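Below: the structure, in structure tokens.
Laboratory data are not the source of any read-out in this text; all were calculated from the coordinates shown. Treat the numbers as computed from the prediction; the structure is a model and nothing was measured. Heads up, the Cβs are rebuilt from the backbone with ideal geometry, glycines too, and the neighbour counts pull from every protein chain shown.
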């Protein structure tokens with residue numbers, strides 16, 4: 001979603017979907033929103049489903065974190081072998 005940032009709310013209500021906005025330069029200046037942050041609008045009718053999906057994603061990420069940390073160490077070791 002582009003500018004203006006406040007349009008995420010009516011867009012979300014009209015579409016019935018989650019809407020994201022990365023903001024704009026004016027918004028960043030006035031709110032100190034970081035470039036790594038965004039706004040989201042979630043209609044109440046889909047909030048329960050969004051929360052359920054987030055729970056699933058968080059559980060999966062937690063389970064995959066150790067796998068990827070181990071894999072990163074293996075890659076680092078392999079790169080040192082070829083250096």
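Some observations on this one:
- Note on the chain: along the principal axes its Cα atoms extend 55, 33, 17 Å, ordered by decreasing extent.
- Full-extension gain in nm, residue 57 to residue 31, via 0.36 nm per residue minus C-alpha separation: 6.4 nm
- The convex hull of the Cα atoms of the stretch 44-83, projected and averaged over all directions, covers 3.4 nm².
- Spread over its residues, the convex hull of the C-alpha atoms of the stretch 1-42 is 58 Å³ per residue.
- Sorting the segments 43-51, 8-16 by their mean number of nearby beta carbons within 10 angstrom, highest to lowest, gives 8-16, 43-51.
- Value of relative contact order over the chain, rounded to a whole percent, pairs C-alpha under 8 Å and six or more apart: 24
- The chain: angle of helix 44-82 to the longest principal axis, Cα-based, in degrees nearest 10: 30
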